[in-house]
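Inspection log for the structure reproduced underneath, given as structure tokens.
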Amino acid sequence: MPEMKPNLTANMNTNLAKVKPANILVFDKEISSVPDIVKLTVGEPDFNVPDVAKQAAINAINNNDSHYAPGAGSVALRQAISHFMQDRYDLTYDPETEIAVTIGATEAIFASLFTLLNPGDEVLIPTPTFPLYATMVEMLGGKAITVPTAAPNFALSPAQLKAAINAHPAAKAIVLNYPSNPTGVTYSSDELADLADILAQTNLVVISDEIYSELVYTGRHVSIAKFLPGQTIILNGASKAGAMTGYRIGFIAGPAGLMQRIGVAHSIMITSPSDPAMAAAVPIFGSEAGRQATLEMKAAYQERRDYLTSKLTKLGFSVATPTGAFYLFVKLPADQGTDDVAFATRLAKEGQVATIPGSFFGAGGEGYLRLSYATSMENLQLAIQRITNFLNH
């Protein structure tokens with residue numbers, strides 16, 4: 001094992017030095033050693049990749065589809081994504097100039113922020129939310145400006161948006177994630193229209209992370225790009241809709257002028273995505289079989305959501321039924337205090353159920369837990385039994 005030469009890190013990227021290990025990962029690792037623990041921590045579908053996607057990947061390998069693809073992704077996948085956006089959300093994107101295939105939605109976030117930000121630029125981020133957005137902003141030398149939305153319903157209100165814009169008139173962008181991780185909250189068409197009216201009066205670029213768009217349980221997902229097409233970058237992918245987290249296929253869609261600039265950063269970062277992975281994603285976005293597989297998974301998530309909501313409410317947790325994604329964001333029972341980290345630690349170590357403290361998702365998450373129901377009903381039933389025993393102990 002070689003020893004690093006002293007002082008090699010002294011003059012490295014100072015922005016990276018500011019980034020601390022993700023609380024979620026640190027906590028998950030800490031409690032994973034508890035024997036026989038039931039984990040409701042990971043936001044990853046427990047389903048296998050649909051057969052239609054697996055067969056497409058196999059066919060690509062057998063057909064020696066193993067050479068550099070275009071930097072923006074294969075033509076077939078960009079065409080499938082264009083069809084998907086039109087069919088599901090009534091949005092029109094040119095597969096030649098307005099869509100880029102990325103290495104998961106994570107790279108889509110990074111490529112977008114990398115393109116937009118200069119050192120010191122501010123990005124508005126409604127919280128509670130997935131902490132990766134703020135981490136990436138800080139890595140790039142920007143400033144993450146949190147906008148707490150806990151009251152009244154974990155959704156950004158027009159008044160909150162106006163206040164944030166007035167307080168930070170030089171902000172470069174705003175990140176919206178809906179359906180939300182961690183709350184499962186999404187926005188109606190009218191709510192998005194109200195936000196869009198305000199944003200249209202600014203030069204803020206809207207980075208709209210819609211990775212859970214296919215997991216909306218009430219009504220139909222609406223994108224803010226419907227109201228602000230020239231100002232919005234949509235991020236999405238196959239990870240959640242197709243249970244394809246390991247294939248790492250995401251995408252960015254937006255106006256050609258922005259996409260040209262993002263495409264430069266994106267192609268330098270990755271050269272091109274994997275051919276077999278892109279082939280697998282084509283039927284997820286472009287076939288009826290892929291659509292049906294997603295709908296079957298969504299029905300199972302909804303059943304799990306309803307089960308957990310009912311049981312946890314009876315146990316004294318305050319639960320706002322989520323309208324999308326596969327998370328519950330629950331307030332601790334009144335007799336358990338508000339220290340979500342302490343409660344989650346005790347629940348894991350004494351009750352053998354792993355959750356994520358709500359405070360890890362930023363301002364407004366204190367006193368809450370995030371539970372993922374991207375696991376089997378058997379695991380959820382066992383978790384409820386153990387939580388009941390823990391609270392009654």
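Filter region 125-140 for residues that are under 20 Å from I165 (Cα atoms) and either of a type in the set (A, V, I, L, M, F, W, C) or touching a Leu at 6+ places or on another chain (Cβ under 7 Å) (or both) and give the result. Give the steps one after another, and end with the answer.
The initial filter retains those residues of region 125-140 that are under 20 Å from I165 (Cα atoms), namely 125-129, 133-134, 137-138.
Scanning region 125-140 gives I125, P126, A134, V137.
Any idea which of (1) under 27 Å from P45 (Cβ atoms); (2) of a type in the set (D, E, K, R); (3) open to solvent by 50 Å² or more (accessible area, probe 1.4 Å); (4) within 21 Å of the chain's Cα centre (by Cα) is the one E366 doesn't satisfy?
Going through (1) under 27 Å from P45 (Cβ atoms); (2) of a type in the set (D, E, K, R); (3) open to solvent by 50 Å² or more (accessible area, probe 1.4 Å); (4) within 21 Å of the chain's Cα centre (by Cα) one by one, E366 breaks only (1).
Does region 97-116 contain any residue that is among the charged types (D, E, K, R) and within 17 Å of the chain's Cα centre (by Cα)?
Yes, there is a match, as at least one residue in region 97-116 is among the charged types (D, E, K, R) and within 17 Å of the chain's Cα centre (by Cα).
Look at A342 and say whether it is without any contact (Cβ under 8 Å) to a residue 12 or more places away in the chain and open to solvent by 10 Å² or more (accessible area, probe 1.4 Å).
Spelling it out, A342 is indeed without any contact (Cβ under 8 Å) to a residue 12 or more places away in the chain and open to solvent by 10 Å² or more (accessible area, probe 1.4 Å).
When you go through T309, T313 one by one, which is the residue that is free of Cβ contacts under 8 Å to residues at least 12 places away in the same chain, within 17 Å of L369 (Cβ to Cβ) and not in a loop (DSSP other than H, G, I, E, B)?
Only one candidate qualifies: T313.
What number of residues in region 1-39 are open to solvent by 50 Å² or more (accessible area, probe 1.4 Å), under 15 Å from T355 (Cα atoms) and assigned to a helix (DSSP H, G or I)?
Residues in region 1-39 being open to solvent by 50 Å² or more (accessible area, probe 1.4 Å), under 15 Å from T355 (Cα atoms) and assigned to a helix (DSSP H, G or I): 5 in total.
Starting from region 187-208, keep only residues that are surrounded by 17 or more Cβ atoms within 10 Å (Cβ to Cβ), then list their pairs with residues that are of a type in the set (S, T, Y) whose Cβ atoms are within a distance under 6 Å, requiring at least 6 positions of separation or different chains.
Y187/Y178; V206/T232; I207/S112; S208/T232
Where residues in region 272-326 are touching a Phe, Trp or Tyr at 6+ places or on another chain (Cβ under 7 Å), among the hydroxyl-bearing types (S, T, Y) and over 19 Å from S82 (Cα atoms), which of them is least open to solvent (accessible area, probe 1.4 Å)?
So, considering only residues that are touching a Phe, Trp or Tyr at 6+ places or on another chain (Cβ under 7 Å), among the hydroxyl-bearing types (S, T, Y) and over 19 Å from S82 (Cα atoms), the one least open to solvent (accessible area, probe 1.4 Å) is Y301.
Within region 346-361, track down each residue that is open to solvent by 10 Å² or more (accessible area, probe 1.4 Å) and either modelled with pLDDT under 95 or touching an Asp or Glu at 6+ places or on another chain (Cβ under 7 Å) (or both).
Q352, S359, listed by residue number.
Report yes if V42 is in contact (Cβ under 8 Å) with a residue 40 or more places away in the chain, open to solvent by 50 Å² or more (accessible area, probe 1.4 Å) and closer than 30 Å to G358 by Cα, otherwise no.
For V42, the condition - in contact (Cβ under 8 Å) with a residue 40 or more places away in the chain, open to solvent by 50 Å² or more (accessible area, probe 1.4 Å) and closer than 30 Å to G358 by Cα - is met.
Determine, yes or no, whether P152 is free of Cβ contacts under 8 Å to residues at least 40 places away in the same chain and either among the polar types (S, T, N, Q) or open to solvent by 30 Å² or more (accessible area, probe 1.4 Å) (or both).
Yes; evaluated as a whole, the condition is true for this residue.
Need the failing condition index for V264 against (1) modelled with pLDDT under 95; (2) of a type in the set (V, I, T); (3) over 30 Å from I31 (Cα atoms), just the number.
With respect to (1) modelled with pLDDT under 95; (2) of a type in the set (V, I, T); (3) over 30 Å from I31 (Cα atoms), V264 is out only on (1).
State whether the residues of region 240-248 include one that is open to solvent by 40 Å² or more (accessible area, probe 1.4 Å), in contact (Cβ under 8 Å) with a residue 24 or more places away in the chain and over 20 Å from the mean Cα position of the chain (by Cα).
Checked region 240-248: no residue is open to solvent by 40 Å² or more (accessible area, probe 1.4 Å), in contact (Cβ under 8 Å) with a residue 24 or more places away in the chain and over 20 Å from the mean Cα position of the chain (by Cα).
Condition first: within 20 Å of R304 (Cβ to Cβ), assigned to a loop (DSSP other than H, G, I, E, B) and over 25 Å from the mean Cα position of the chain (by Cα). Now tell me which residues in region 317-352 satisfy that.
Q352
Condition first: farther than 24 Å from A225 by Cβ, small (G, A, S) and part of a helix (DSSP H, G or I). Now tell me which residues in region 243-295 satisfy that.
G246, A277, A279, A280, A289, A293
The values are calculated or read from the model by the stated rules, or taken from the named source; none is laboratory data. Because the structure is a prediction, the values reported are computed rather than measured. Backbone-built Cβ (ideal geometry, glycine too); neighbour counts: all protein chains shown. Accessible surface is based on the protein model in full, side chains and every heavy atom, while ligands, DNA and RNA are left aside. Shrake-Rupley method; radii C 1.70, N 1.55, O 1.52, S 1.80 Å.
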